[in-house]
Structures are given as structure tokens and as C-alpha cells.
1. Check 102, 110 and return the single one that is farther than 27 Å from residue 228 by Cβ, of a type in the set (Gly, Ala, Ser), at pLDDT 95 or above and out of contact with any Cys (no Cβ under 8 Å at 6 or more places or on another chain).
2. Output the residues belonging to the stretch 231-244 that are surrounded by fewer than 24 Cβ atoms within 10 Å (Cβ to Cβ) and polar (S, T, N, Q).
3. Under 8 Å between Cβ atoms, at least 6 apart or on separate chains: pull out the pairs that start in the stretch 31-50 with a residue that is free of Cβ contacts under 8 Å to residues at least 60 places away in the same chain and over 13 Å from residue 239 (Cα atoms) and end on any residue that is assigned to a loop (DSSP other than H, G, I, E, B) and among the aromatic types (Phe, Trp, Tyr).
4. When the residues of the stretch 195-214 are narrowed to those that are among the hydroxyl-bearing types (Ser, Thr, Tyr) and under 24 Å from residue 93 (Cα atoms), which ends up surrounded by the most Cβ atoms within 10 Å (Cβ to Cβ)?
5. For the stretch 172-203, enumerate the residues that are of a type outside the set (Phe, Trp, Tyr), closer than 19 Å to residue 100 by Cβ and in a helix (DSSP H, G or I).
6. Check whether at least one residue in the stretch 77-93 is within 25 Å of residue 30 (Cα to Cα), charged (D, E, K, R), buried (at least 20 other Cβ atoms within 10 Å of the Cβ) and over 16 Å from the mean Cα position of the chain (by Cα), and report yes or no.
7. Consider only pairs whose beta carbons are under 9 Å apart and that are at least six residues apart or on different chains; among these, list those whose first residue lies in the stretch 168-180 and is more than 21 Å from residue 227 (Cβ to Cβ) and of a type in the set (A, V, I, L, M) and whose second residue is surrounded by fewer than 16 Cβ atoms within 10 Å (Cβ to Cβ) and modelled with pLDDT under 95.
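The values are calculated or read from the model by the stated rules, or taken from the named source; none is laboratory data. What you see is a predicted model, and the numbers here were worked out from it, not measured in a lab. Reconstructed Cβ throughout: ideal geometry from the backbone, glycine too, with neighbour counts over all protein chains shown.
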Amino acid sequence: MSDEAMTLPIPFLTSRALATTDAGTRESFRLFEALVTRLEPAMKREMRFSGGVALEFPQLAASYLFSSLQRVRVVSWGVISAINAPNEALFVLAVRSMLESAANLAYLRANIVKTYAGELSRKEMTYLSLRMKFATRKPDDMELSAHEASCVSSVNVLTAIKALDRFATAQIGFANEKAMTNWYERLCEFAHPNCLGNSVGSESDYAGGMETFDAEPCVRAAVLEQFGNYAYVSLYAFCRIYNDSWRMLVEHGEVLPTWEPLGDPVILLD
């Protein structure tokens, strides 16, 4: 880790957390933990917009990239902390949140590609960057006018997930063109208080006329095994998309904000 890295108590999984899981799940979480530590050198304490140019697409996109990294960084700690706690519901919610962040960033990246291909104007990309940065589904809380609300209406999550589907197929090698959509639907089914969501800490035996509840919380091995790979791939996809977005901005000679600590903003994956 570089000298500019943050000095923080990054959480790590305890030795007992994965004791009952299979080898594949333990490997997924090993890779996940390794990625979590790689987020730190990319973090910045401060960003200053360049006063020499208008506050538009490139700088707004950079702002969104940094804030997205901050969110994913904290959520990744939440994944680990929820397993250690243990808290099954919070673990699944954290993984779903990370997948959503990767999807939103995939949507931004796809539109940066369109902008440089001439399919989207820079003005349109500026509005999209504003929308991504300040998106809200509660404009009344911010006392926005109807026009202002339309400019910052949040991108539909399924639309963003589709962008992540396309990235996973084209850039990560997924054969299933709807893999991320399927993953998201499973995570939502578990996160909602439906059948799976309400199975946390309980076991039903209707034939035997009994239902039991765990006094001590746990994260079931089956849940870790199902969603452990989701956690790793979501974070890995986020890192790849994040780096690619910065690469495009730099390669096209955009005037970007300055930041502290100095140094390349990308996440070193190699």
C-alpha cells in the first residue's frame, strides 16, 4: 500500500466467520478482502473543481466517481462487519447495495462511451452527470421545482442493472447476458420480507408441526455460499468500471479537478 493510503482500521473476517463454508466460498471472500484493501490508496480526502473551466460533464463525472468509491468502500466494510457480527439480513442488504453501486457506475460509463463516440452531446452528458450525482426519488424533501425534479430523477435501478449485465458479458466474460439481473432479483427477494427474507433465523417444519427460532444470530453457510461470489464480483466489477471511466476522461484530455492526496485515482488491481 502506498504512503498516501489512508490509515484506517479496515475490518477483516474473523477465523470463525467462514468455518462452516466450502472452499469456493472461502476463496471468494479471500479475493473480496484483498480488493477491499486496494480501495484505500485510491481514496482522496479533498477534491477541488478547476476554476478555469465551466462546471460541467468531466468535473461532475469525476465528482460522482469519487463519491461512488467512498460509498462502495464503506459498504464493503459493512459486508465484512455483518458477517462477523453475525447479521444475515444486513449482509445481504450490503451485497445488494454494492451491486447497485456497480450498476449505476456501469450506466455512467456506458454514457461516457456514447459521448466520446458522438452519440451523446457534452451538454446531455453534463445533465446526466448532474442527474447521477444528485439523483433523488424524494424531490419534495429538497423543495425542488417540477423542472429541477425532472433533471435529477434517479435512473431506474433495473435500467442500471442492464448496463452492468452488458459490462459483465463484454468485459468480464459472463456467458449469461442477464446474470447481474438474476443476481439482483435474488438479492431483492432475500432483502424483502417475503418468504426468503422472513426465513432469517428460523426454520419451519410444518409436517412436524413446529417452527424454531435462533436465539443467537448467525449467517447461515448456505447464504454465505450463495451470495459470497456476488460480493466479490460486484466489487471487482465496480473497480474495473471505475478505472475504465477515469481512463476515458484522461485519454481525452479532459480538464479535471485536483485532489489530495496527489496521485493516480485508479484502483490498482494488479
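1. Of 102, 110, the one residue that is farther than 27 Å from residue 228 by Cβ, of a type in the set (Gly, Ala, Ser), at pLDDT 95 or above and out of contact with any Cys (no Cβ under 8 Å at 6 or more places or on another chain) is 110.
2. 243, the sole residue that qualifies.
3. Close Cβ pairs satisfying both conditions: 33/12.
4. 199
5. 172, 179, 180, 181, 182, 185, 186, 187, 188, 189, 191, 197, listed by residue number.
6. Filtering the stretch 77-93 for residues within 25 Å of residue 30 (Cα to Cα) gives 77-93.
Cutting the leftovers down to charged (D, E, K, R) gives us 88.
Still in the running and buried (at least 20 other Cβ atoms within 10 Å of the Cβ): 88.
When the remaining residues are screened for being over 16 Å from the mean Cα position of the chain (by Cα), the result is 88.
Within the stretch 77-93 (the criterion being within 25 Å of residue 30 (Cα to Cα), charged (D, E, K, R), buried (at least 20 other Cβ atoms within 10 Å of the Cβ) and over 16 Å from the mean Cα position of the chain (by Cα)), the answer is yes, since at least one residue qualifies.
7. none
Residue-by-condition table, conditions (1) on the phi > 0 side of the Ramachandran plot; (2) of a type in the set (S, T, N, Q); (3) assigned to a helix (DSSP H, G or I):
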{"residue": "15", "(1), (2), (3)": "no, yes, no"}
{"residue": "36", "(1), (2), (3)": "no, no, yes"}
{"residue": "74", "(1), (2), (3)": "no, no, yes"}
{"residue": "82", "(1), (2), (3)": "no, no, yes"}
{"residue": "98", "(1), (2), (3)": "no, no, yes"}
{"residue": "104", "(1), (2), (3)": "no, yes, yes"}
